[in-house]
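**Student:** The structure is given below, and queries will be raised subsequently.
The values are calculated or read from the model by the stated rules, or taken from the named source; none is laboratory data. Please read all numbers here as calculations on a predicted model, not as lab measurements. All Cβ positions, glycine included, derive from the backbone under ideal geometry; neighbour counts span all protein chains shown. Accessible surface is based on the protein model in full, side chains and every heavy atom, while ligands, DNA and RNA are left aside. Shrake-Rupley method; radii C 1.70, N 1.55, O 1.52, S 1.80 Å.
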Amino acid sequence: SQQGEEDPQALSIQEGENATMNCSYKTSINNLQWYRQNSGRGLVHLILIRSNEREKHSGRLRVTLDTSKKSSSLLITASRAADTASYFCATARLNDYKLSFGAGTTVTVRA
Amino acid sequence: EPEVTQTPSHQVTQMGQEVILRCVPISNHLYFYWYRQILGQKVEFLVSFYNNEISEKSEIFDDQFSVERPDGSNFTLKIRSTKLEDSAMYFCASSDDRGWVTEAFFGQGTRLTVV
């Protein structure tokens, strides 16, 4: 089954604003990870949240996880032009090391 | 900071030819993976490798594909008889064994173009 569906597909915001994107998944997970990908480049790991955690912070990033709703959100505060990228959630199931990626949210931060 | 490195960054090959994509995982990592991303689409899992053997593979990873860890540092993906639809970005990733939680580190990718 397909895991990790993000919404919105695309988001355009002004520099300084916050960006919020959501991820939903279908089966029980061990952890959920968020990645950033600049156009045509590699995947940069942003943050990992375990299934027994509800919220995690890293710099300007805030991730929440609601396992009852099978959903997660990524908030980028005080966005910068350099935050322009695609953001993907990826889920890992218990005893399963592979990641299942969503289609991603493309974020454009306007200067 | 340690990183996963992939070579080449871009490979153009003729349909039907064999290609080998190379990866150097992070040195103390034990699990290795290949993923691919067709332009504009999701990142898809291909194969995972642990203890010198394939631990899991997806439906995409058919007989056309093979992986190898020929020495202590490299991890390769071979695609025999490439097809046009193999054109994609191929990502190598590695993770360590931290019990039930693993964080995968990805390389910059190899863009494969089959013409």
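**Student:** Going toward the positive end of the dipole of the protein assembly as shown, with +1 on Lys and Arg Cβ and -1 on Asp and Glu Cβ, which of B:Ile20, A:Gln37, B:Thr110 do you reach last?
**Tutor:** Positive-end residue among those listed: A:Gln37.
**Student:** State the Cα centre-to-centre distance between region A:10-32 and region B:29-66 in whole Å.
**Tutor:** 25 Å
**Student:** Sequence-distant or interchain residues sharing an amide H contact under 5 Å with A:Leu46, placed H: which?
**Tutor:** Here A:Trp34, A:Tyr35, A:Arg36 satisfy the definition.
**Student:** Express the relative contact order of chain B as a whole percentage, based on alpha carbon pairs under 8 Å and six or more residues apart in sequence.
**Tutor:** Contact order relative to length: 38 percent.
**Student:** Need the full-extension length gain, A:Arg80 to A:Asn38, defined as separation in residues times 0.36 nm minus the C-alpha distance. One decimal, nm.
**Tutor:** 13.7 nm
**Student:** List residues of region A:1-41, by number, whose backbone nitrogen lies under 15 Å from a label position 7 Å along Cα→C-beta of A:Asp96.
**Tutor:** A:1-5, A:25-33
**Student:** With all protein chains present, calculate the accessible area of A:Thr27 using a 1.4 Å probe and round the result to the nearest 10 Å².
**Tutor:** Estimated to the nearest 10 Å², A:Thr27 gives 40 Å².
**Student:** If every alpha-carbon in chain B counts as one equal scatterer, what log10 I(q)/I(0) does Debye give at q = 0.12, 0.13, 0.14, 0.21 1/Å?
**Tutor:** -0.38, -0.45, -0.52, -1.18
**Student:** Explain nothing, just the number: relative contact order of chain A, from Cα pairs under 8 Å at least 6 residues apart, as a whole percent.
**Tutor:** That works out to 39 percent.
**Student:** On to the next question. Taking a cut-off of 22 Å between Cα atoms, list the lysines near B:Lys78, but don't count ones fewer than 8 places away on the same chain.
**Tutor:** In chain and number order, the partners are A:Lys98, B:Lys42, B:Lys57.
**Student:** Hey, another quick one. Considering the Cα trace of the protein assembly as shown, what is its radius of gyration and what is Dmax, both in angstroms?
**Tutor:** 17.5, 50
**Student:** Extending each Cα 7 Å along its Cβ direction at B:Val24 and B:Ser73, get the distance between those two points in nm, one decimal.
**Tutor:** Placing both labels 7 Å along Cα→Cβ, they lie 0.4 nm apart.
**Student:** Taking a spot 7 Å from the Cα of B:Ser55 along the direction of its beta carbon, which residues of region A:93-111 have an amide N less than 20 Å from it?
**Tutor:** Counting backbone N atoms under 20 Å from the label point, the list is A:93-101.
**Student:** Taking θ as phi - 60°, what are the ³J(HN,Hα) couplings along region A:55-60 by the Karplus curve (6.51, -1.76, 1.60), each to the nearest whole Hz, with x for Gly and Pro?
**Tutor:** 8, 8, 10, 8, x, 8
**Student:** Hey, another quick one. Shielding by partners for B:105-114, please: the mean number of other protein chain Cβ atoms within 10 Å of each residue's Cβ.
**Tutor:** Mean inter-chain Cβ contacts per residue within 10 Å come to 2.
**Student:** Per residue, how much accessible area does the protein assembly as shown show when a 1.4 Å probe rolls over the protein heavy atoms, in square angstrom?
**Tutor:** Per residue, the protein assembly as shown has an accessible area of 48 Å².
**Student:** State the answer as a single residue: which of B:Ile79, B:His29, B:Phe61 lies farthest towards the positive end of the charge dipole of chain B, with beta carbon charges of +1 for Lys and Arg and -1 for Asp and Glu, about the Cα centre.
**Tutor:** Most positive-ward Cα: B:Ile79.
**Student:** Under 19 Å Cα-Cα from A:Lys26, which aspartates and glutamates qualify once same-chain neighbours fewer than 8 residues away are excluded?
**Tutor:** Leaving aside aspartates and glutamates fewer than 8 places away in the same chain, those within reach of A:Lys26 are A:Glu5, A:Glu6, A:Asp7, A:Glu53, A:Asp66, A:Asp96, B:Glu44.
**Student:** Chain pair B, A: how much accessible area is buried, both chains summed, with a 1.4 Å probe, in Å² to 100?
**Tutor:** Chains B and A together bury approximately 2000 Å².
**Student:** Net charge around B:Ile60, counting only other residues with Cβ within less than 15 Å of its Cβ (Lys, Arg = +1; Asp, Glu = -1)?
**Tutor:** Within the 15 Å Cβ shell, the charges total 0.
**Student:** A follow-up question, please. Any chance you could list P(r) for chain A, counting all Cα-Cα pairs in 10 angstrom bins from zero, rounded to whole %?
**Tutor:** 16, 50, 28, 5, 0
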